[in-house]
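See structure below.
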């Protein structure tokens, strides 16, 4: 395998707070639920189309994935690449159905899940995948010394994993009930023993059970994979011998969406995600699989000394906004209002906790509420209370594009009209995360949180704040939310969905978090069919079809 020079900073392990923050702002997958058949574009709609034998599948990602270690990242671009190298224990369809993958069967309760592995699974280095190796993956994740961003977010922090190699079983146990233990542990990439023994081996390559091996890396340009012809343990029985399975996969790093659209139109790509204006050129000609993700979500910093710590201020600032207009602006007209806090497919709980729980715009009522709370306007129009001006800075992720910047400016302008000294600041992800989880120097934030389980978001909305070593990003203290979460955690799986909805509604009632816009993110396909997953096209399901 040929690898070009790798910048040192790209292989350094990230600190715990930045790692957790990455789970919030950057865990966006390439595709999710389907808009119909998951088939390619012009002349390649799947169905009766002839499969292409030993062809090449070419896919565009918007950023270089950096460190490829599957347990040390939650970045979307990285997980999209890792999906070609590593398998998971369970295949969760976009409808949430659990099907066999590395595990042929399982037994789950709220505090224990036991997986029985398929027989005959091998790693890319030729070693067998044993139950002990699978258990070692979970032991690596929960070991605090490894600073895995999956710990406490993607999987329970205090789990224990044991193995019986003779029986091919792995048993995972947690000290307190977890209603989604199967969903969280079954969705983890499984690396092989050599990479766990020496994590540096996984930073620039991969040692896994996936259908493909990484054969060439040119950073910021492309990643090339070759098919493992012995692969026969794919999700729900997929195998390398299936007609149309590509012999080669080429992932190209294409930062510019217009360029990606042009490459798709010229036949140089089989798949690309395009969310900006260029999507209009593709929608009529290409099939697509889509992800619905939150893009508009507003938090107020409730740490002591911030305006957001005042309940009346949060209520007034929320009431001043037109959330329908903001939804249209931040999505460029391609969005929909938010419905819940955990919406990444496969969704565990489907409900609408937002409808009727965000305030209707009423600027006069908002102004009156601030007056009554003692925030009165001075000669300069800026409100103050006890000599302290009502001022705050709204931060946002500058890589989210012009629509997010426009939404931030619209929010600030509305608040300025209300008598708030409001400013905006766009920050790149690393600096953004440091401000939220490090310095705490922010007043409000457009911060879309995208996770698939309602239990995964709990540490970010309750418990210790960053200043106290936690990840409660806005220093929220909502007893009703905490109580509902405690009850929901005792109810297995979907039995607790109604209680999770109550928990979210408690947050909205106190204006602790305001999700107002979801965006449909399409991945357009040409000459290929795929099954969508949370990390992009599931590689073992990619099939090439003749045009």
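The values are calculated or read from the model by the stated rules, or taken from the named source; none is laboratory data. Worth saying up front: this structure is predicted, and the values here are computed from it rather than measured. No Cβ is skipped: glycine too gets one built from the backbone with ideal geometry, and neighbour counts run over all protein chains shown.
Structure notes:
- Cross-chain or 6+ apart pairs with Cβ under 7 Å, region 66-80 first and on the phi > 0 side of the Ramachandran plot, then modelled with pLDDT under 90 and in a loop (DSSP other than H, G, I, E, B): 66/75
- Of 99, 117, 85, all but one fail to be under 25 Å from residue 490 (Cα atoms), touching a strand residue (DSSP E or B) at 6+ places or on another chain (Cβ under 7 Å) and touching a residue at least 40 places away in the same chain (Cβ under 8 Å); the exception is 99.
- Matching residues, region 288-338, being within 30 Å of residue 528 (Cβ to Cβ) and out of contact with any strand residue (DSSP E or B) (no Cβ under 8 Å at 6 or more places or on another chain): 332, 333
- Taken over region 198-223, the criterion of being in a strand (DSSP E or B) and in contact with a helix residue (DSSP H, G or I) (Cβ under 9 Å, 6 or more places away or on another chain) is satisfied by 208, 212, 214, 223.
- Residue match in region 383-399 (condition: within 18 Å of residue 425 (Cβ to Cβ), surrounded by fewer than 17 Cβ atoms within 10 Å (Cβ to Cβ) and either outside the structural domain of residue 474 (by TED's automatic domain parsing) or modelled with pLDDT under 95 (or both)): yes
- Taking region 140-155 as the range and being surrounded by fewer than 17 Cβ atoms within 10 Å (Cβ to Cβ) and out of contact with any helix residue (DSSP H, G or I) (no Cβ under 7 Å at 6 or more places or on another chain) as the test, the residues that pass are 143, 144, 145.
- Per-region count, region 219-239, residues more than 25 Å from the chain's Cα centre (by Cα) and under 18 Å from residue 533 (Cβ atoms): 5
- Taking (1) in contact with a strand residue (DSSP E or B) (Cβ under 8 Å, 6 or more places away or on another chain); (2) surrounded by fewer than 21 Cβ atoms within 10 Å (Cβ to Cβ) in turn, residue 448 satisfies each apart from (2).
- Of the residues making up region 196-209, those that are touching a strand residue (DSSP E or B) at 6+ places or on another chain (Cβ under 7 Å) and either free of Cβ contacts under 8 Å to residues at least 24 places away in the same chain or farther than 23 Å from residue 142 by Cβ (or both) are 204, 205.
- Checklist (1) surrounded by 22 or more Cβ atoms within 10 Å (Cβ to Cβ); (2) in contact with a helix residue (DSSP H, G or I) (Cβ under 7 Å, 6 or more places away or on another chain); (3) modelled with pLDDT under 95 applied to residue 455, failing item: (2)
- With respect to the stated conditions, residue 312 is in a helix (DSSP H, G or I), at negative phi and modelled with pLDDT of 95 or more.
- Test for residue 484: is it farther than 27 Å from residue 278 by Cα, in the same structural domain as residue 309 (by TED's automatic domain parsing), modelled with pLDDT under 95 and surrounded by fewer than 24 Cβ atoms within 10 Å (Cβ to Cβ): no
- Where residue 491 falls short, out of the listed (1) buried (at least 17 other Cβ atoms within 10 Å of the Cβ); (2) in contact (Cβ under 8 Å) with a residue 12 or more places away in the chain: (1)
- Out of 356, 276, 333, sole residue that is in a loop (DSSP other than H, G, I, E, B), assigned by TED's automatic domain parsing to the domain that holds residue 505 and at pLDDT below 95: 333
- Selection status of residue 255, surrounded by fewer than 19 Cβ atoms within 10 Å (Cβ to Cβ), over 22 Å from the mean Cα position of the chain (by Cα) and not in a strand (DSSP E or B): no
- Which listed residue is surrounded by fewer than 21 Cβ atoms within 10 Å (Cβ to Cβ), part of a loop (DSSP other than H, G, I, E, B) and within 24 Å of the chain's Cα centre (by Cα), from 64, 119: 64
Yes or no, residue by residue, for (1) more than 12 Å from residue 112 (Cα to Cα); (2) over 23 Å from the mean Cα position of the chain (by Cα); (3) buried (at least 16 other Cβ atoms within 10 Å of the Cβ):
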site	(1), (2), (3)
138	yes, no, yes
158	yes, no, no
173	no, yes, yes
179	no, no, yes
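- Test: residue in region 484-500 that is under 21 Å from the mean Cα position of the chain (by Cα) and within 30 Å of residue 363 (Cβ to Cβ): no
- Matching option when the condition is in contact with a strand residue (DSSP E or B) (Cβ under 6 Å, 6 or more places away or on another chain), at pLDDT below 95 and either surrounded by 23 or more Cβ atoms within 10 Å (Cβ to Cβ) or closer than 16 Å to residue 346 by Cβ (or both), among 513, 530: 530
- Considering only residues in region 181-193 that are under 20 Å from the mean Cα position of the chain (by Cα) and in a helix (DSSP H, G or I), the one that is nearest to residue 134 (Cα to Cα) turns out to be 185.
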